[in-house]
Amino acid sequence: ITPIDRQQHFILVDDTTPEKVEDMRARGFAPALVQQSSEGNLQAVLRLPRQDEKQEQKAANMLMGMLNREWGDPKISGVVHAFRMAGFSNKKAGRGDVFTRVIDAAGVICGKATDMLERAREKLREAMAERKARQQKPAPKAMERRPADALPAPDEGAEARFDALRKREVGLAKSKGWTLNDSALDFRAAKIMAQEGWTTDDIAAAIVARSPFVVDR
């Protein structure tokens with residue numbers, strides 16, 4: 001099922017575990033629904049208020065991506081995402097035809113996720129305002145893009161580029177025995193992107209979308 005509601009989001013944390021759900025709760029998140037979809041496999045659904053904004057879906061997608069990279073399936077990032085319905089069997093290969101059953105149905109609005117979503121909205125508003133300001137005046141020479149051979153492939157978006165650079169920085173830090181600091185890793189990846197000629201808007205949006213819990217940090 002895929003609930004669609006003009007007043008609220010239903011954010012799925014998929015392929016999670018009882019231990020991860022407890023960790024979520026310990027860190028202040030309150031799932032409205034927790035259900036078991038196969039042996040040892042849980043789905044947690046968070047409810048939070050929805051606003052009528054131009055970039056609302058993008059902000060919610062950012063939040064869903066962050067939550068799933070931390071506790072669920074890192075491959076999903078779209079907030080309009082189906083989850084299983086209790087009382088029906090899981091026909092997916094290898095799932096043993098197990099019936100989905102409800103573990104907990106608190107039905108609550110998650111306050112912490114609501115706050116994080118608002119901060120994501122604010123980041124997108126700021127990025128949009130900055131983009132409009134840039135469009136109204138020519139960029140200084142110092143901000144001009146470097147030659148095309150210094151840039152990633154045209155089909156590689158800012159988020160993918162940030163991911164690749166951040167992973168490279170993580171590998172470097174581990175090889176050198178440095179302490180892994182999320183903000184320092186973000187900074188180093190962002191600095192390289194700026195040198196390559198990515199705009200401030202592209203870099204900011206990539207960090208908000210892909211850096212683990214940057215909005216919460």
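The values are calculated or read from the model by the stated rules, or taken from the named source; none is laboratory data. Just so we're clear, the structure is a prediction, and the values are computed from it rather than from any experiment. No Cβ is skipped: glycine too gets one built from the backbone with ideal geometry, and neighbour counts run over all protein chains shown. Heavy atoms of the whole protein, side chains included, go into the accessibility calculation; ligands, DNA and RNA do not. Shrake-Rupley method; radii C 1.70, N 1.55, O 1.52, S 1.80 Å.
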- request: Quick one: in the stretch 24-52, of everything that is open to solvent by less than 60 Å² (accessible area, probe 1.4 Å) and out of contact with any strand residue (DSSP E or B) (no Cβ under 9 Å at 6 or more places or on another chain), which residue is nearest to Glu118 (Cα to Cα)?
  value: Gly28
- request: Please enumerate the residues belonging to the stretch 163-184 that are assigned to a loop (DSSP other than H, G, I, E, B) and either among the hydroxyl-bearing types (Ser, Thr, Tyr) or under 18 Å from Ile207 (Cβ atoms) (or both).
  value: Thr179, Leu180, Asn181
message: List the residue pairs whose Cβ atoms are under 7 Å apart, where the first residue sits in the stretch 169-189 and is free of Cβ contacts under 8 Å to residues at least 60 places away in the same chain, the second is open to solvent by less than 90 Å² (accessible area, probe 1.4 Å) and among the polar types (S, T, N, Q), and the two are 6 or more positions apart or on different chains.
response: Asp182/Ser211; Asp186/Ser211
query: Just one of the numbered conditions (1) open to solvent by less than 10 Å² (accessible area, probe 1.4 Å); (2) closer than 21 Å to Gly87 by Cβ; (3) assigned to a strand (DSSP E or B); (4) not polar (S, T, N, Q) is not true of His9; which one?
result: (2)
field: Residue that is farther than 21 Å from Lys58 by Cα, at pLDDT 90 or above, assigned to a helix (DSSP H, G or I) and among the β-branched types (Val, Ile, Thr), where the choices are Ile192, Ile203
entry: Ile192
- prompt: With respect to Met116, is the statement that it is touching a Gly at 6+ places or on another chain (Cβ under 8 Å) and either open to solvent by less than 30 Å² (accessible area, probe 1.4 Å) or free of Cβ contacts under 8 Å to residues at least 40 places away in the same chain (or both) true?
  reply: no
